[in-house]
Amino acid sequence: MARLPHFGQATPVLRYSNWIIAALVTLFATYLHVLFLLSAGGLWRDEAAFVHLSLLPSLSDMWQTLGYDHCPILMPLAVRAWSAAGLGNTDFGLRVLGLCVGLFLLAAFWFASWTMRNGAPLLAVTLAGLNVTMVRAGDSLRGYGLGSALAVLTLAVIWRLTCRPSLAAFFCAAAVAALSVQSLYQNAFFVFAACCGGFVLCAVERRWRDTLPLFAVGAAAAVSLLPYIPLIVRSQDSYIIAKVGFHFSHGWQQLSLATGSPLPVFTWVWVALWIGAVAAAICVLFWHRDRFPDRVRGLILFAGTSLILGAVGFAFFLKLAELPTQPWYYVPLMAFSAVCLDTIFFTAWRWARPAATILAVVTTATAFLFELPPVICRQTNVDFIAAQLSTQVAPNDYVIVHPWHCGATFQRYYKGAAPWTTLPPLGDHGVHRYDLLKAKMQTKDPIAPVIDRITSTLQSGNRVWLVGKLPFTQEPLPEIRPAPNNPWGWFDPFYSLYWGEQVTQFLSAHSQRSDVVMPPSTNCVNPFENLQLVAVAGWKP
């Protein structure tokens, strides 16, 4: 069937202008990544724990510790190889690795767009490349950036295998799909979605033999995850203290925060594009088939099926995990969706090109006006606190870090002589040891040793240092029972709040003075780790 001129075509001037504008948007996105590199500073708690895990003495130790983190082994191996290559374990050296991952994601958008439709990824780099959540989370020392890039590449190579099956295309797709699921567990659902997109296209075109390589790619990715089953099963017992169930209303709030960049209105741009893309895919599948050329119809079916099943599978993963989500959790979904949206709209409609050009210009201008401050933002101020504290503490002082998960950051940067602890005391602060915390929660008074040490420290004329946001209340604290025999069951934030109030009430009653040595930073710092430093001295019976 002859190609109809009004579907997916553009004049040479318009086509080349899209390449130029996409390149300029990508250049500005690169500038945002460099700004983040220069501004992020120290590693915050999730990054510090991740780097500690990655640099454990042996690969066996690293493998056994994977259950305490969110991702499989690929990104920890990348951090380990980066450090082994002499590129450094310094904060800046590790941040350069994060920059490389962020730029790899931008390159993945270009590769996918060229592979799937021989075009420039104008819509993808506009939606995802200029998104502050994508920049900050993608460049952080976590698995989200690498996992997102490999999810995008998997979509592209499975499309190539679907269109032109060959032994080389199969091995390439199988390798990329396996690497993808080795970077993020949730990428298994994106691999499944892409394979289903290829299957739908082959089924519509009655190329049943070509579905076999697609099944084999999915099977190879699934088999590569089998060694993780014991780790995942073993970790579920300790993660019960963080599981509150996934609620779609909360998920929508976090997704809105993730996509609402550079302004909240952009959330509705994403929603409108999602709805339009799904409508286009359904329209091509059930109506107006003959109005589209074969390649155009096939590409829309593939991308539309992948988009729908990828989103549904990702939601199922979040529901299965039962963990409260944060905006950066949605970065892989956004990257995968951006490529699908780019593919569908640029393939189906000629007016998508000028519309995307306008969107790119508006988004870039808006990002320049509103997005630079969130990008020029430190990830933590604990490195500053630890540096100052290390020069001021005496060997017989006592340091308390609260909440407990900030202990991972504090351990990385603190070089002082005084002993320190979290609430409650834990035997390992290198990674987030939910298993140790759970054991403490099941005891009657887990912070009694901390209270005793505070007493002896103040009575001997030394100081107690408080790092963090310790809560205070004048209301008498009720006695609580060991977990889970309280109204909040296993949920650890309530216990952490209670322990913090216990300490502050005790200090209020028994200390003579307290001074804020370093308040929370008034500059832009990650709100999850913008702490303060307080010195407490003098004993009052």
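The values are calculated or read from the model by the stated rules, or taken from the named source; none is laboratory data. Everything numeric in this text was worked out from a predicted model, so none of it was measured. Counting neighbours? That spans all protein chains shown, and the Cβs are built from the backbone with ideal geometry, glycine included. To get the accessible areas, we keep the full protein, side chains included, count just its heavy atoms, and leave off ligands, DNA and RNA. Shrake-Rupley method; radii C 1.70, N 1.55, O 1.52, S 1.80 Å.
Here are a few things to note about the model shown:
- Condition check for Arg3: modelled with pLDDT under 95, more than 30 Å from Val382 (Cα to Cα), basic (Lys, Arg) and not in a loop (DSSP other than H, G, I, E, B): no
- Spans of helices (runs of 4 or more DSSP H) in the stretch 434-541 with at least 3 residues over 34 Å from the mean Cα position of the chain (by Cα): 448-459, 492-510
- Matching residues, the stretch 36-74, being small (Gly, Ala, Ser), under 26 Å from Val401 (Cβ atoms) and surrounded by fewer than 21 Cβ atoms within 10 Å (Cβ to Cβ): Ser39, Gly41, Gly67
- Looking at Ala315, Ala338, Ala303, just one residue is surrounded by 21 or more Cβ atoms within 10 Å (Cβ to Cβ) and in contact with a Gly (Cβ under 8 Å, 6 or more places away or on another chain), and that residue is Ala303.
- Only one entry in Ala175, Ala107 is without any contact (Cβ under 8 Å) to a residue 60 or more places away in the chain and farther than 30 Å from Thr357 by Cβ, namely Ala175.
- Val296 vs. criteria at pLDDT below 95, more than 25 Å from Asn187 (Cβ to Cβ), under 25 Å from the mean Cα position of the chain (by Cα) and of a type in the set (Val, Ile, Thr): no
- Qualifying residue in the stretch 91-107 (condition: at pLDDT 95 or above, charged (D, E, K, R) and closer than 25 Å to Thr26 by Cβ): yes
- The sole residue among Ser256, Ser224 that is hydroxyl-bearing (Ser, Thr, Tyr) and either farther than 23 Å from Ser337 by Cα or touching a residue at least 12 places away in the same chain (Cβ under 8 Å) (or both) is Ser224.
- Candidates Ala169, Ala175, Ala203 - the one that is open to solvent by 40 Å² or more (accessible area, probe 1.4 Å) and either β-branched (Val, Ile, Thr) or over 26 Å from Lys319 (Cβ atoms) (or both): Ala175
- Counting only helices (runs of 4 or more DSSP H) wholly contained in the stretch 330-386, the ones carrying 3 or more residues that are under 18 Å from the mean Cα position of the chain (by Cα) occupy 331-348.
- In the set (1) under 24 Å from the mean Cα position of the chain (by Cα); (2) among the polar types (S, T, N, Q); (3) in a helix (DSSP H, G or I), the condition left unmet by Ser183 is number (3).
- Within the stretch 382-396, not a single residue is touching a Lys or Arg at 6+ places or on another chain (Cβ under 6 Å) and open to solvent by 40 Å² or more (accessible area, probe 1.4 Å).
Here is a yes/no grid of residues against (1) more than 30 Å from Arg136 (Cβ to Cβ); (2) open to solvent by 40 Å² or more (accessible area, probe 1.4 Å):
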{"position": "Pro487", "(1), (2)": "yes, yes"}
{"position": "Leu497", "(1), (2)": "no, yes"}
{"position": "Gln532", "(1), (2)": "no, yes"}
{"position": "Gly538", "(1), (2)": "yes, no"}
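- Restricting attention to the stretch 75-129 and to residues that are on the phi < 0 side of the Ramachandran plot, among the small types (Gly, Ala, Ser) and not in a helix (DSSP H, G or I), the residue that is surrounded by the fewest Cβ atoms within 10 Å (Cβ to Cβ) turns out to be Gly119.
- Selection count where residues are assigned to a helix (DSSP H, G or I), free of Cβ contacts under 8 Å to residues at least 60 places away in the same chain and under 23 Å from Phe410 (Cβ atoms), scope the stretch 48-74: 3
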